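First comes the structure, then the notes that go with it.
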Amino acid sequence: MLLAILIGVIIAVIAVSLSIYFVLKQTVKYKHIPMTQAPLFNIHEGYVVPKNLISPHLKLPVPSKEFSDFMDDVRTVGKTFVEWADKWGLEYHIIGGNLLAYRRWELSGSGIPDLFPPWDDDLDVWIHNPEALAVAWEDATFHHVDGDEWEYRKSGDYRILHHNTRWNLVKFLDPKFGNIGVDLFCEVRDVPSGEMMSKEDLLPHTQEVMDIETKVSHKCKKVDFGDGLILPVPINTTEIDVHLQSYFGSKWREKIHPSIKKNRDVAEMMLASIQE
């Protein structure tokens, strides 16, 4: 009986001690932030992110081995795309979240440049010379149509897909990696038409994207993103910053997940804590 009471007291002391330890640890980790608020978010690769984070397109848990393996494949397909694009004389630069990740790294990073925010799961490029893409498209042989949205064509060992309702979007795929590909955006008026609806009908849906993307000049530098993946990046940082602000908002420099809108002040304090 006495032994049971003694064991119970020891267990209670250990439990209280552990509780105090984790509270103190959390307070040190997120100093200046009330303990009731700090657990709202996580820190992942220097970013403040929601708990139970998933990737935007594939809906994979982040971090996870599944997501890490998938992104390794995205990088491999990216290298394959570079070879294919060189063959057809495509001129392009990274855009969207890829350009955002790189510019954030350029402002404050070190080591290998960032190409993806740590939850992003795709690679996007802007085509400077869509007439060259049109040549590649016309040279490719018809493969199949997927529903009413995508026409697949075979270009050598690869596939290029044209979106029937988004004239400015073509996708490059390497069949060895399933549906993993690179999204190619370009000006609507130069995309090959085939038998699809008129460009005049589709232009209102893509004009905003065109206005934003074409504000960044085509003068680029080649950047090594590691593992042999070398991609062009615009060199005019002023234009890049204006573009990113137009696309992602005035706080694009902050490494905070875009879904975090409530309790943004807490996320900003957490970000400040890890940057001190």
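The table below lists the values:
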quantity: Least to most buried among 153, 253 (fewest other Cβ within 10 Å first); calculated: 253, 153
quantity: Mean Cβ count within 10 Å, highest first, over the residues of peptides 137-148, 113-124, 91-102, 41-52; calculated: 91-102, 113-124, 41-52, 137-148
quantity: Sequence-distant residues sharing a close amide H with residue 143 (under 5 Å, placed H); calculated: 152, 153, 154
quantity: Derived scalar couplings ³J(HN,Hα) [region 93-102; Karplus, 6.51 cos²θ - 1.76 cosθ + 1.60; whole Hz; x for Gly, Pro]; calculated: 8, 5, 9, x, x, 5, 5, 4, 4, 5
quantity: R0 of 51 Å, Cβ-Cβ distance residue 88-residue 251: FRET efficiency to nearest 0.05; calculated: 0.85
quantity: Percent breakdown of C-alpha pair distances by 10 Å bin, ordered from the shortest bin, for region 35-103; calculated: 16, 36, 30, 14, 4, 1
quantity: Linear extension gain, residue 179 paired with residue 152, 0.36 nm per residue minus alpha-carbon span; calculated: 8.5 nm
quantity: Neighbour net charge for residue 254 - beta-carbon separation under 14 angstrom, K R +1, D E -1; calculated: +4
quantity: Of 79/251; 176/261; 176/222; 154/255; 79/262, those spanning more than 29 Å from alpha-carbon to alpha-carbon; calculated: 79/251; 176/261; 154/255; 79/262
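Just so you know, all these numbers are worked out from the coordinates, no wet-lab data involved. Not measured: the values here are computed from a predicted model. Reconstructed Cβ throughout: ideal geometry from the backbone, glycine too, with neighbour counts over all protein chains shown.
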